[in-house]
Amino acid sequence: MKHRAITLVALAFALLLGLSGAAQAADKLKAVASFSILADMVRNVGGDRVDVTALVDPDGDAHVYEPTPADARNVAAAKILFVNGLGFEGWMDRLEKSSGFKGKLVVASKGVQPRQMVEAEGGKTEEITDPHAWQSLANGKLYVANIRDGLIAVDPDGKATYAANAAKYLGQITAEETAVQEALGKLPAERRKIITSHDAFGYFGAAYGLAVIAPEGVSTESEASAQDVAKIIRQIKAEKVPAVFMENIADHRLLDQISRETGAKIGGILYTDALSPPDGPADTYLDMFRHNVETLTAALSS
Ligand SMILES: [Zn+2]
């Protein structure tokens, strides 16, 4: 009998805890971020005050994403919506309008100096903005400042928390920036060349001194033409590019083919437009940089 009473007390206590947990979740500021990398940055700045949902999952391709009815419900319920901008999320305008979103929209890349790329498609050339600004840690710091200011605007009571979280996170990003520059700075000049399937490393290459070649251009929407692939194969052979890299979000077949035909080795998997799942090697923005730089230096220095 006594045992049973204890069980009931424990049960009631667990129920109370559960309820207060639910109440806390309900009290939190509801935020939506378009993709996993941005969601991680928002979590770092928002801390315990913010409940963050990512629309495009880890390992997902945001260029060609098709929003679901659940995404529309999440956006409708959000007080603040974070997007990359620079043309990355072509599907967002329609989702935002159809969901009836009434909150604050924050373009995380605001203030970034955009990279313009000229791409040839079907005999025509067009100028395209490269959206992958987060692949430079200097830009990442602009994202964090925009995230902080956006959160303070919708939740002024949390100002001190957001400012402190952002300051701590900015310090970590700066430390990682130094580590990346040191690690990549050791590579000999003639080995600072990488091939990936789509052109996600333009900002990375410009920031850290690597030449980047990608058959697919800055979006995964277009497929590389046979001429593009043949041209890259000639270029890899002529310039003796040491390695090609897979991406977590892209099909590996084209790179397998390029590797076979050129003898360039497969250098590993780089995380470009999405984080890894939580048990993977790149489940945060900073771990993505650590993983990518380790993978690049291992493949390019031997
Ligand atoms: Zn991309």
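Structural remarks
- Region 208-296: C-alpha gyration tensor shape, a/c 1.5 cut-off, then a/b vs b/c: prolate
- The HN-Hα couplings worked out from phi for region 130-144 by the Karplus form 6.51 cos²θ - 1.76 cosθ + 1.60 (θ = phi - 60°) are 7, x, 7, 5, 5, 6, 10, 5, 4, 5, x, 5, 5, 4, 4 Hz, whole numbers, x standing for Gly and Pro.
- Neighbour-count order for MET92, MET41, fewest beta carbons within 10 angstrom listed first: MET92, MET41
- Here GLU221 and GLU182 are evaluated by their C-beta separation; at R0 = 35 Å the FRET efficiency comes out at 0.45.
- For GLY268, the amide hydrogen comes within under 5 Å of the amide hydrogens of MET246, counting only partners 5 or more places away or on other chains and with H modelled in the peptide plane.
- Nearest 10 degrees, 0 to 90: helix 226-239 Cα axis against the chain principal axis: 70 degrees
- Most tightly packed first, judged by the mean number of other beta-carbon atoms within 10 Å of their residues, the peptides 81-89, 245-253, 206-214 read 81-89, 245-253, 206-214.
- Aspartates and glutamates whose Cα lies under 18 Å from that of LYS240, excluding same-chain neighbours fewer than 8 positions away: GLU190, ASP228, ASP256, GLU261
- Among beta bridges from DSSP that stay inside the chain, the antiparallel ones total about 25%.
- Structure note, pairs LYS104/LYS186; LYS186/LYS265; LYS124/LYS193; LYS30/LYS110; LYS30/LYS124: Cα-Cα distances above 32 angstrom occur for LYS104/LYS186; LYS30/LYS124.
- Computed packing ranks the peptides 261-270, 189-198, 234-243 as 189-198, 261-270, 234-243, most packed first, by mean other Cβ atoms within 10 Å.
- ALA189 versus ALA230: modelled label distance in nm, points set 7 Å from Cα along the beta carbon direction: 3.3 nm
- Candidates GLN135, GLN227, GLN181, ranked by Gaussian network fluctuation over the chain, Cα under 10 Å, top entry: GLN227
- A Cβ-based charge dipole, computed about the Cα centre of region 53-202 with Lys and Arg at +1 and Asp and Glu at -1, lands at about 540 debye.
- FRET E, pair THR125, ASP27, Förster distance 45 Å, beta-carbon r, rounded to 0.05: 0.30
- Pairwise Cα inverse-distance average, inverted: Kirkwood Rh of region 43-91 (Å): 12.2 Å
- Percent of Cα pairs exceeding the 31 Å cut-off, where the set is the chain: 36 percent
- Oblate is the label for region 54-171, because the ratio a/c of its alpha-carbon gyration tensor axes (a ≥ b ≥ c) is 1.5 or higher and a/b is not greater than b/c.
- Residues within the reach of a label modelled at VAL64 (point 7 angstrom out along Cα to beta-carbon, backbone nitrogen below 15 Å), restricted to region 256-289, are 273.
- Helical runs assigned H by DSSP (4 residues or longer) give the chain a calculated mean residue ellipticity at 222 nm of -16000 deg cm²/dmol, each run adding -39500 (n - 2.57) before division by the residue total.
- Cα gyration tensor, region 131-265 - rounded (a/c under 1.5), prolate or oblate: prolate
Only the coordinates and a few stated rules stand behind these numbers; no lab work does. Please read all numbers here as calculations on a predicted model, not as lab measurements. Counting neighbours? That spans all protein chains shown, and the Cβs are built from the backbone with ideal geometry, glycine included.
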